[in-house]
Amino acid sequence: MSEHAVLLDIQNLQTYFPITGGVFQKTVGHVHAVENVSFQIREQETFGLVGESGCGKSTTGRTLLRLIEPTAGEILFDGQDLRALSQDELRQKRRDMQLIFQNPYSSLNPRMSVRQLLEEPLQTHFSLSQKEMDEQVLWISQAVGIAPEQLSRYPHQFSGGQRQRISIARALITKPRFVVADEPVSALDVSIQAQILNLLLTLQKELKLSYLFISHDLNVVRHISNRIGVMYLGRIMEQGDTEAVYRNPLHPYTKALLSAIPKLDPLEEKSRIRLEGDVPSPADPPKGCPFHNRCANCMEVCRNVVPEERELEPGHFVSCHLYD
Ligand code: SF4
């Protein structure tokens, strides 16, 4: 495990969204999008958050940037409690914490040139002269592989991969310390995905960045992450060093997800664990283990008691009654 200091410490994070109904639009329930999530991200480390769509990964990423207000829990950034910051203090902090979006087609304003898109975050966060801004724009565009003569062009004049390079440049031009990358390659052709992942890795080394990397794709997450957390119905089911989790998955859900990765050997294909049943609604989460209605190992205790997180080997945690 990395010996770098902890940059982000998330404890018991909870994000609920109200469900309103009736003539008076009263709150009649809550969507439990993020439930009791705890993890840490060290300096210069990538923590991969993986799980099926709708499991709460993106909401977790946005909550810890406070783009969505948490319902409960602690978010410590470099020891500072982000929940205690005023909107003004938070705005200043944002240059240290940036977001790369999934879709490079909709996240870039089509009426702004690349130069304007890159200058905008600098204007928001710093008071720089035009010459200083020009230097920063040139530096970041070179770092992501955008040629100086392309700076006057508009987003529609670029391919998907190049647009994602522009999005990355926009997120990194303020020299943040922490970046949430939310499915940053899933909208791209497979042939381009590796280029963008390698670019993120190179920039991480150069700029000493920490990433929260969100993806439904286990191969992509394995390629880029030092540690991973597996999410299901708003909770982290298992977390640990990436290789430890891939080599020795402990949670029945992690085992099912990993068994679904296409194998080269057709005999291995037979070992795929097929999950029965539907993912329960986060508006009405089940009692006990959230995975119990789909788990082949379900026991009586699983239907009634939420399993606690246990550390089964150093740095490898699982929430499952099989290990009580
Ligand atoms: Fe399956 Fe029970 Fe473990 Fe949940 S706690 S994953 S239901 S064995």
Residue identified as charged (D, E, K, R) and more than 22 Å from ALA181 (Cα to Cα) among LYS57, LYS26: LYS26
In the stretch 210-248, the residues that are within 16 Å of the ligand (Cβ to nearest atom) and within 28 Å of ASP284 (Cβ to Cβ): GLY229, VAL230, MET231, TYR232, LEU233, GLY234, ARG235, ILE236, MET237, GLU238, GLN239
Whichever residue in the stretch 298-323 is in a loop (DSSP other than H, G, I, E, B) and either without any contact (Cβ under 8 Å) to a residue 12 or more places away in the chain or away from the ligand (no atom under 16 Å from the Cβ) (or both) and, among such residues, is farthest from the chain's Cα centre (by Cα): CYS298
Selected residue (only one of VAL50, VAL31 is at negative phi, surrounded by 20 or more Cβ atoms within 10 Å (Cβ to Cβ) and in contact (Cβ under 8 Å) with a residue 40 or more places away in the chain): VAL50
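Would you say LYS270 is more than 16 Å from the ligand (Cβ to nearest atom), modelled with pLDDT under 95, surrounded by 12 or more Cβ atoms within 10 Å (Cβ to Cβ) and of a type in the set (Lys, Arg)?
Details: more than 16 Å from the ligand (Cβ to nearest atom): yes; modelled with pLDDT under 95: yes; surrounded by 12 or more Cβ atoms within 10 Å (Cβ to Cβ): no; of a type in the set (Lys, Arg): yes.
No.
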Given (1) without any contact (Cβ under 8 Å) to a residue 24 or more places away in the chain; (2) small (Gly, Ala, Ser); (3) closer than 15 Å to TYR211 by Cα, index of the condition SER86 fails: (3)
Residue list for the stretch 273-297, restricted to those being within 12 Å of the ligand (Cβ to nearest atom), in a loop (DSSP other than H, G, I, E, B) and buried (at least 17 other Cβ atoms within 10 Å of the Cβ): LEU275, GLY288, CYS289, PRO290, PHE291, CYS295
Test: residue in the stretch 109-118 that is closer than 30 Å to ILE75 by Cα and at pLDDT 95 or above: yes
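On the basis of being without any contact (Cβ under 8 Å) to a residue 60 or more places away in the chain and over 13 Å from the mean Cα position of the chain (by Cα), does ARG42 make the cut?
In short, no.
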Those residues of the stretch 96-122 which are part of a helix (DSSP H, G or I) and closer than 18 Å to PHE213 by Cα, in sequence order: ASP96
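The values are calculated or read from the model by the stated rules, or taken from the named source; none is laboratory data. Computed from a prediction, not measured in an experiment: that's the story for all the values here. Every residue, glycine as well, gets a Cβ built from its backbone with ideal geometry; the counts of neighbours run over all protein chains shown.
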